[in-house]
Amino acid sequence: QVQLVESGGGLVQPGGSLRLSCAPSRSIASIYSMGWYRQAYGKQRELVAAITSGSMTNYAISVKGRFTISRDNAKNTMYLQVNSLKPEDTAVYYCNAALISAGETGLTDYWGQGTQVTVSS
């Protein structure tokens, strides 16, 4: 079964930057919409940013102007550039994708295992 693999999280000081990546663990046929979500301790998971197959983007108000979502369709990889980080950005960041696995025909929603982003001095 396909898994989404995230990387790039870590500990960063306020004002710092990170680049998160997300890619499927094996071959796929097609990826449609993709997105990044985050879940802070004790809070509900929330949408951070989303991108369509045509690279149209949407952002949560709290991150607009600081975060940039992008995708490389040739590599089936999605990125989240996070700049000007604040302590309130601390959370586990999850990637999500609607895709069709290689050799299959159905569109399925997949989630990554999450990568921790901690913003602290």
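The values are calculated or read from the model by the stated rules, or taken from the named source; none is laboratory data. Computed from a predicted structure; not experimentally measured. Note that we place each Cβ from the backbone using ideal geometry, even for glycine, and neighbour counts take in every protein chain shown. SASA here: full protein model, heavy atoms, side chains in, ligands and nucleic acids out. Shrake-Rupley method; radii C 1.70, N 1.55, O 1.52, S 1.80 Å.
Ranked highest first by average number of other Cβ atoms within 10 Å, how do 3-9, 101-107, 50-56 line up?
3-9, 50-56, 101-107
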Can you give the log10 of the normalised intensity I(q)/I(0) at q = 0.13, 0.14, 0.19 Å⁻¹, computed with Debye over equal Cα scatterers of segment 2-48? -0.43, -0.50, -0.84
Relative contact order of the chain, pairs being alpha-carbon contacts under 8 Å that are 6 or more residues apart, as %: 37 percent
Between SER70 and LEU11, how many nm apart are label points set 7 Å from Cα along the C-beta direction? 2.9 nm
Suppose R0 equals 25 Å. What FRET efficiency, 1/(1 + (r/R0)^6) with r the Cβ-Cβ distance, do ILE100 and ALA40 give to the nearest 0.05? 0.20
Expressed as a percent, the portion of alpha-carbon pairs in the chain spaced more than 17 Å apart is 52 percent
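Can you divide the C-alpha Rg of segment 33-98 by 2.2 N^0.38 Å and report the result to two decimal places?
Values: Rg = 11.7 Å, N = 66, 2.2 N^0.38 = 10.8 Å.
The reported ratio for this selection is 1.09.
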From the phi angles alone, apply the Karplus equation (6.51, -1.76, 1.60; θ = phi - 60°) to segment 11-21 and give each ³J(HN,Hα) in whole Hz, x where the residue is Gly or Pro. 9, 9, 7, x, x, x, 9, 9, 10, 9, 10
Of the accessible area of the chain, computed with a 1.4 Å probe and all protein chains kept, carbon and sulfur make up a percent value of 48 percent
Which value, in debye to the nearest 20, gives the size of the charge dipole of the chain about its Cα centre, when Lys and Arg are +1 and Asp and Glu are -1 at the Cβ? 220 debye
Averaged per residue, what accessible surface does segment 3-121 expose to a 1.4 Å probe, in Å²? 53 Å²
Straight-line reach from LYS43: which aspartates and glutamates have Cα under 19 Å away, leaving out those fewer than 8 places along the same chain? GLU88, ASP89
